[in-house]
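Encoded as structure tokens, the structure appears first; notes follow it.
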Amino acid sequence: MNMHIKVFSGSQIFANRLSQLLDEIEVPYLIKDNKESGRLAGFGTLGNSVDVFIYESDLEKAQNTIDDFKQEIEADK
């Protein structure tokens with residue numbers, strides 16, 4: 001069974017950028033927006049509330065892209 005693993009947790013803007021990068025290398029992903037889910041359920045969340053998941057089997061293919069992305073956002077802080 002192919003399991004999802006979390007590769008990023010942060011803001012919606014950063015999650016969208018990572019999803020674009022994953023699209024470019026043709027790696028499927030799943031975005032879980034905890035803040036929006038909480039809003040729809042009637043409660044809120046704090047902090048980094050958007051998670052990006054990929055299949056465990058795609059990690060090797062995506063690792064360099066994910067690492068470069070994380071270095072890029074760290075440099076902007």
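The values are calculated or read from the model by the stated rules, or taken from the named source; none is laboratory data. These numbers come from a predicted model, not from an experiment. Every residue, glycine among them, receives a Cβ derived from its backbone with ideal geometry; neighbour counts consider all protein chains shown.
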Exercise for review: Counting only residues that are of a type in the set (S, T, N, Q), at pLDDT 90 or above and surrounded by fewer than 10 Cβ atoms within 10 Å (Cβ to Cβ), give me the strands (runs of 3 or more DSSP E) lying completely in segment 1-68 with at least 2 of them.
Suggested key: none
**Study point:** Flag for Ile73 being part of a helix (DSSP H, G or I), modelled with pLDDT under 95 and out of contact with any Pro (no Cβ under 7 Å at 6 or more places or on another chain)
**Key:** yes
